[in-house]
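S.K.: Below you'll find the structure I mean.
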Amino acid sequence: MMYQGATEPRRPARLVSSQWLLPGILIAVAGMYAAVVILPSTGPFDVFIDRMLGLLTMWLPALAGWSVVYRRAGGREVVFFAAALSCQAVGYTWDVLHMTAGKDAPRYSIAEGAYIAFYVLMLAALSVVIRTRLRGLAKIILLDSLVGALGAAAALLAVLGPKLVSVLQGPPSLGAAIDAAYPLMDLMLVAVVVGIAASGRSTSRGWWLVGLGLLAYAGGDVAYLLLEMNAVDFLDTTLVAPWALGNAMVGAWTLLQAHSAGPDVRVRISKSGQAVPALATSAGLGVLVLASQRPLMLPAVVLASLTLALAVVPLVFRQRLELSRANSQARTDDLTGIPNRRALYAAVPQQLTASGNQPSAVLLLDLDKFKEINDGLGHQAGDDLLRQVAARLSTQLGAGTLLARMGGDEFVMYAGSCGPREAQDMAVKIRTALAEPYSLGGITVHVNASIGIACHPEHGRDLDVLLRKADVALYSAKSTRSGHALYVEDPANAALQPFCSLQTLNDALSNDQLVLHFQPKVEPETGRVRGVEALVRWEHPALGLLQPDAFLKYFQEAGLMPALTNVVLIKALDQAAVWASGPQHLSVAVNVPASSAMDARLPDQVAAMTRARGLSPSMLVLEITEDVLVADRSRACTTLSALREMGVRVAVDDFGTGYSSLSYLRELPIDEIKLDRSFVSAMMDDERATALVASTIHLAHSVGLEMTAEGVEDERAYRALREYGCDLVQGYFISRPVPAEVLDTWLSNRNPEQSPDGKVTSAGFPK
């Protein structure tokens, strides 16, 4: 992970101003033009100001929209907005060409068609916003918008009624009807925009500009209609001003989308959800009250009545709609706005069942070193990163893929009709997109992701099974730093799979089929047995005694490792209590997986177990692997510190096989490190291995830790480790792992022969 720009504290301010620079210029140019053409002028008609500058203010917003489309910086709605602005500009250009030539523009022309196309395209753009950014609220918004449009139309007809009688009741005139339709269409679009704004969700930066732009259109069209109906002489360019302002504001919004990382998908609780129907209802009631005092046009009364009738629908069913919305929010992640774990489990099992044998894939994604950002930049920066990641994932995934956040920095993708090859291609595409830099409060951050893949039906037909196997693949991807990994069944254990069903694993836990074998740990200096390591075995009813390599992965995939660890701890401490009551006082070491080592409840659990058996916690040694320390150092430190405070000893198993920093030897509360058997087995035939063993023992002692060497297979290794100062050794030269009763016999009969100088010459146990 790499941070850049940390020395530029003022960068955020420049970034914000640069985002608004071009939109601000666009609006300023339109405002200057509006001021020039609206303010009284004593001079003659100016072609440049009244025609050329008008053309410029109409075309600039359209070009701005297409520039965003060209850079692929906005969604599909930007394409429709840019096309709508272009239609406005084309229509005005057609009119200007005729006026400049001294001709009256035809009443029904390309310009009229372009203006009507503007409304169609604007409505299409708003439909895209509702469909893509406001999923689940489309029906509510459309209903509220319809009520708002009817209420606005009723009010407009009530105000303009006397002037519209000739249009609606006299001889039909298509031109007059079109002129009257423009403000009604404007108000309909305004109602939709207000309905979106009142929906309770944020759509994008600067959305208010679209609403103001549509209001400007409506104002210009209403003014034009009033002037036409009252036969007032006016310059056409005067009324271009509000349309130019409207175009500039919509164009400014499109420019802002070029700087957006994606839609702001956060869900917000809105107190204005009923603003549109409430205002529309008030307008409808006002029209009906006015109609009782003086005559109004029949269409105004009809529209007002329809407004009140439709307004009853959301009022009657509002509770049901709110319940539906609450259900939607219950299945939505509050931080990112994408589906959550509950939504995943509600949708995917049904799809798996319906798909039969059709291929599909589950991809489990985890951000690499996300905790460094949370700790280094703060939780707000971490939340911002997760929102940006969710937005990028949403844009990369197709319509047939469900994206959900499981919690923390884990995301799940379920892709239907997707085989292993397609899933791996998808993983590569996703990792490439996520590798692009992120801006977090002025600091540029690079983050990579690891992805584990499990495929249906070959890896399982159940979502839980697929998630567990994807988690195994994710662990493989992280440990090998490969970026992504497809779950692969170990061929050596494939034959065991039918005998390791979930029911069989649960039976092993509940029916006392798990047994412990113990391997002694000896002080090479004195030959004294100081402790043992407890190693689990499975007395399988069909396969006999199974070694841990054959079955542990199945417990892990089934999510039963915490239960297995609990059984092992109980059995190990029971045996330690037996030894403590006799002549032998042996510490017992138990391997603890990552899921248990990170569990904050582990210290209390261990304290209760030792207290119930009257044991000192110092009789227990918990062995963890290096990857536990690397995965989440702060949580590991908290849990291990609590264990050490009560007296439990902590050992790092398989030391030397990881790739982590050795700083944890100094920082974390550990007592012992166990040198991996691969170093010991090569020690006698490889000088470099010998040097590594000797230096590692010295390193452990220099930081106050004990060293245990595993895999001692012969007397030469035993003697060498004694000379290097190793504290404890274990291996087949001393004893294989054996049941407790066999170990008791060996301990009672053991009488190691010693040479005159005190060196052990025999471990005293037949191999």
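S.K.: Evaluate E = 1/(1 + (r/R0)^6) for Asn357 and Leu285, where r is the Cβ-Cβ distance and R0 equals 60 Å; express this FRET efficiency to the nearest 0.05. Working shown, then result.
M.R.: On the way: r = 61 Å, r/R0 = 1.01.
Computed FRET efficiency for Asn357 and Leu285: 0.50.
S.K.: For region 422-484 and region 356-397, what is the separation of their Cα centres, given in Å?
M.R.: Comparing the Cα centres of region 422-484 and region 356-397, I get a distance of 9 Å.
S.K.: Have a look at Leu463, Leu474, Val488 and report the one farthest towards the positive end of the charge dipole of region 454-548, computed about the Cα centre with Cβ charges (Lys/Arg +1, Asp/Glu -1).
M.R.: Farthest towards the positive end: Leu474.
S.K.: Follow-up question, since we're still on this one. Ignoring everything but the protein chains, give the 1.4 Å probe accessible area of Met684 in square angstrom, nearest 10.
M.R.: That residue has around 60 Å² of solvent-accessible surface.
S.K.: Roughly how many Å is it from the Cα centre of region 507-522 to that of region 559-607, as a whole number?
M.R.: 11
S.K.: Eigenvalues of the Cα gyration tensor times 5, then square-rooted: what semi-axes does that give for region 423-483, in whole angstrom, largest first? Intermediate results must be reported in sequence, preceding the final value.
M.R.: Numbers: eigenvalues 155, 26, 22 Å².
Calculated on Cα positions only, the semi-axes equal 28, 11, 11 Å.
S.K.: Pairs to check: Lys469/Lys521; Lys469/Lys571; Lys371/Lys469; Lys369/Lys521; Lys478/Lys571; Lys429/Lys553. Give those whose C-alpha atoms are more than 27 Å from each other in this structure.
M.R.: In this structure, Lys469/Lys521; Lys469/Lys571; Lys369/Lys521; Lys478/Lys571; Lys429/Lys553 lie more than 27 Å apart at Cα.
S.K.: Once you order the gyration tensor axes a ≥ b ≥ c over the Cα atoms, which shape class does region 444-534 get: rounded for a/c under 1.5, otherwise prolate or oblate by comparing a/b with b/c?
M.R.: Details: a/c = 2.99, a/b = 1.40, b/c = 2.13.
Note, shape of region 444-534 comes out oblate.
S.K.: Starting at the first residue of region 570-584, write each ³J(HN,Hα) from the Karplus equation 6.51 cos²θ - 1.76 cosθ + 1.60 with θ = phi - 60°, in whole Hz, x for Gly and Pro.
M.R.: My calculation for region 570-584 gives 4, 5, 5, 6, 4, 5, 4, 5, 5, 5, 5, 7, x, x, 8 Hz in order.
S.K.: Give the carbon-plus-sulfur fraction of the accessible surface of region 537-591 in %, rounded to a whole number; probe 1.4 Å, heavy atoms of protein chains only.
M.R.: Details: 1260 of 2230 Å².
Carbon plus sulfur share of accessible area: 57 percent.
S.K.: Hey, another quick one. Given a 1.4 Å probe and heavy atoms of the protein chains only, how would you sort Leu21, Leu344, largest accessible area at the top? Numbers along the way, then the final one.
M.R.: Working: Leu21 105, Leu344 0 Å².
Most to least solvent-accessible, the answer reads Leu21, Leu344.
S.K.: Once you charge only the Cβ atoms, +1 for Lys and Arg and -1 for Asp and Glu, what is the size of the charge dipole of region 358-446 about its Cα centre, to the nearest 20 debye?
M.R.: 220
S.K.: Pull out the extension gain between Arg688 and Glu458, defined as 0.36 nm times the separation in residues minus the alpha carbon to alpha carbon distance; nm, one decimal. Don't skip to the end; give the middle numbers.
M.R.: Working: separation 230, 0.36 × 230 = 82.80 nm, distance 4.49 nm.
Result for the pair: 78.3 nm of gain on full extension.
The values are calculated or read from the model by the stated rules, or taken from the named source; none is laboratory data. Not measured: the values here are computed from a predicted model. Every residue, glycine as well, gets a Cβ built from its backbone with ideal geometry; the counts of neighbours run over all protein chains shown. Accessible surface areas use protein heavy atoms only, side chains included; no ligands, DNA or RNA. Shrake-Rupley method; radii C 1.70, N 1.55, O 1.52, S 1.80 Å.
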